[in-house]
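Report on one structure; see the data block that follows.
The values are calculated or read from the model by the stated rules, or taken from the named source; none is laboratory data. As the structure is a prediction and not an experimental result, all values here were calculated from the model. No Cβ is skipped: glycine too gets one built from the backbone with ideal geometry, and neighbour counts run over all protein chains shown. Side chains included, ligands, DNA and RNA excluded: accessible areas come from the protein's heavy atoms. Shrake-Rupley method; radii C 1.70, N 1.55, O 1.52, S 1.80 Å.
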Amino acid sequence: AVFFALALVWWAIPLTLATYPAIVVLAARDPLFRESILEGRPRTLPRAPRKDRDVPPEQRARWLPRGETRQKVEAALEVHRRTVFAIEESGDVVQAVLDDALAKLHRVAERLVDVAEKRERAAEAIRELEKAHTDAEHREERDTELAELENVLRAADAEISSTFEKLSTLRARVVRISVESGVTAQGAAAELNADLDEMNLHLDALRSTMAPPEER
């Protein structure tokens, strides 16, 4: 406004004076501005949708509720990390033999966390159903739903424990392959790859049958 006054463009001064209160009114109606400036609260922005595939399995495991499931998954991921390190620190020949094993190991880790996440959602759904007050007409339906969710829990717990036990032996098998040579090493590597394929198949099959509670 001062610039326009000095430039003798007087018609712009009312426009400027009208614009300023309009900006003030609009800013005061902005919830982010009101919280951070007028009320002094830290500014919070809505979180962007999280893509689990862009997050390492170790970090996703830390998002699980504290308990036995999280402990087992974190222990399995630690064994997974040591096995990957053993492969990467082995010689070029062993790395070439176990080249496919690394990708399969990573898939096992991702799918194990997938199963653990769905297991925890099922456990939460069970707690909600147990707390819900249901009349006699819908009690049978609730009991059926509870039985299905409990079966999901048992299957997930069994698969998580089984995967941990199988992963626990992999590092020793990698070390054994690294000290062997020729046909023996190739045979042991092929057997290891087959076991990893089986683990991925079991985890993938279980993951696909565990429907989220919201879909139920």
With all protein chains in place and a 1.4 Å probe, Val93 shows an accessible area in Å² (nearest 10) of 110
Computed from the beta carbon distance with a Förster radius of 41 Å, FRET efficiency for Asp197 and Ala22 to the nearest 0.05 stands at 0.05
Label model pair Arg70, Ala172: point-to-point distance (7 angstrom along the Cα→beta-carbon line) in nm is 3.0
For the range 57-99 the trypsin sites (Lys or Arg not before Pro) that pass both the DSSP coil test and the at-most-15 other-Cβ-within-10 Å test are Arg66
Highest mean packing first, using Cβ neighbours within 10 angstrom, the peptides 138-148, 191-201 sort as 191-201, 138-148
With 0.36 nm assigned to each residue of separation and the Cα-Cα distance removed, Arg82 to Leu15 gains 17.2 nm
Computed on Cα atoms, Rg of the range 70-214 relative to 2.2 N^0.38 Å comes out at 1.34
